[in-house]
Amino acid sequence: MKDPLDLLHVHPAADGEEESDSSINFGAQDGHESSVSAEGGALVLRQAAPPADRLSLLVSWSGHTDAGSLSEQLSESLLGALPHRRLASFEVDELFDYRSRRPQITFTGNRFSNFEAPSLELYEVRDALGRPFLFLTGDEPDYQWDRVSQAVLALVERLDVKLVVLVDALGLPTPHTRPIGVTAHGNRPDLIDGISTWGPSAQIEAGLSQFLELRVAEADRDVVGYTLHVPHYLAGGRFPHVAVSALEYAGAALELMLPTDELRESSRMVEQDISRQVAQNTEIQGMVDRLERNFDEYATPQQRSLLVKDDDAVPDAEELGAAVEAYLRHHDPAADAEAARAASIEGLLDDASTELGAPSRGGAGPVDPGPEGDHVAPENPGSASGEDPQGPAVDPENHDRPQ
């Protein structure tokens, strides 16, 4: 049997030297030495850490449970704002079907350039307080799920990872005017009990995230997952709200302070633009009104916060750290109300209005907007796998395509 770790290409980096333009060397930038080093082509811990300081692993990749472009936004936010170093890359040629998901390449005049190959990479990142964690991000592989999962498990064992957290998102019939819902799952009751706003019993299409969570739990390692609920009519493009929520859940579970400043600002701009366009379209307004009524009827009345202990004791300073920045930014009175509109959401709502029968900029004719009675917890199990029970979801491939 092939060694699953053969799928990994390890990237060693000497102390004081930058590994690449896309990474920040800890020693040179923030006074911290990397917790993981490469010895003999394998990743190992530099020194044993006490239980409280062991590394955790955050996993997020693009795939069929990536509504709202969650994975891309998390990667941009974490790797764009925090010190990090690339530790290893998976061998993509063994894992991807290029004909099924054809990569993009740029053609200019008379030559090709900028081939955008798929990737799946492992980083060591330090949060805003300098605490290290591992981050696995990229594209969900088409092939060898079991071997990829075994490779991740081998890293979890070798690096003594104390907790694996997976975040993903589904497009569901929920309104954008209500808080982002979540379905929490895993084998850590203290991190999932009382968290879910919807916990269905259904058979769904599996993704690698679900398969990996199953394998990690079978190996008796701590693992939790947070599946965020994105309004189905906004699931095909960038929806910053879902990335903010994902970082909040992941940060609380991992006890890390993760950056949300830019995402919150984008969320405010997007919310303004959505509200403006919904107000101008009676068909979309009617749909949102129905979703609001059903959400309010079926939503969980109370939801436990990861920041409050079971005995209602006030969290200590370290637990509060991950919430301080988010709270202050959410209540920032100096936010720029005149910020430029989010063009991607404008395109999404145009597509959504076409599906609902409202005229779009392209002049599409009316269609039946569908029956009354949209439900936040659809009875069709297919809804839990990202399929829209009210009609086809916005096609992400048409988003931002030149007209």
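The values are calculated or read from the model by the stated rules, or taken from the named source; none is laboratory data. Note that this is a predicted model, so its numbers are computed, not measured. For neighbour counting, all protein chains shown are included, and Cβ atoms are generated from backbone atoms with ideal geometry for every residue, glycine included. Accessible surface areas use protein heavy atoms only, side chains included; no ligands, DNA or RNA. Shrake-Rupley method; radii C 1.70, N 1.55, O 1.52, S 1.80 Å.
Observations, loosely collected:
- Failed condition for Leu129, given (1) of a type outside the set (Asp, Glu); (2) over 27 Å from Asp160 (Cβ atoms); (3) open to solvent by 40 Å² or more (accessible area, probe 1.4 Å); (4) in contact with a helix residue (DSSP H, G or I) (Cβ under 9 Å, 6 or more places away or on another chain): (2)
- Of the strands (runs of 3 or more DSSP E) that lie entirely inside the stretch 1-96, those containing 1 or more residues that are at pLDDT 95 or above span 57-62, 84-90.
- Helices (runs of 4 or more DSSP H) lying entirely in the stretch 210-319 (those with 2 or more residues that are at pLDDT below 95 and over 18 Å from Val164 (Cα atoms)): 261-279, 282-298
- Criterion violated by Leu155 - all others in (1) farther than 25 Å from Glu39 by Cβ; (2) of a type in the set (A, V, I, L, M, F, W, C); (3) over 20 Å from the mean Cα position of the chain (by Cα) satisfied: (1)
Residues checked against (1) under 24 Å from Arg290 (Cα atoms); (2) open to solvent by 30 Å² or more (accessible area, probe 1.4 Å):
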{"residue": "Arg178", "(1), (2)": "yes, yes"}
{"residue": "Gly181", "(1), (2)": "yes, no"}
{"residue": "Gly194", "(1), (2)": "no, yes"}
{"residue": "Thr197", "(1), (2)": "yes, yes"}
{"residue": "Gly207", "(1), (2)": "no, no"}
{"residue": "Phe211", "(1), (2)": "no, yes"}
{"residue": "Leu214", "(1), (2)": "no, yes"}
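- Of the numbered criteria (1) open to solvent by 50 Å² or more (accessible area, probe 1.4 Å); (2) within 19 Å of the chain's Cα centre (by Cα), the one Gln203 fails is (2).
- Single match in Leu122, Leu129 (criterion: modelled with pLDDT of 95 or more and of a type outside the set (Val, Ile, Thr)): Leu122
- Selection count where residues are in a helix (DSSP H, G or I), under 26 Å from Arg46 (Cβ atoms) and open to solvent by 10 Å² or more (accessible area, probe 1.4 Å), scope the stretch 144-171: 6
- Residue match in the stretch 78-85 (condition: of a type in the set (A, V, I, L, M, F, W, C) and crowded, with 21+ Cβ neighbours inside 10 Å): yes
- Any chance Ser113 is open to solvent by less than 70 Å² (accessible area, probe 1.4 Å) and either free of Cβ contacts under 8 Å to residues at least 24 places away in the same chain or touching a Cys at 6+ places or on another chain (Cβ under 9 Å) (or both): yes
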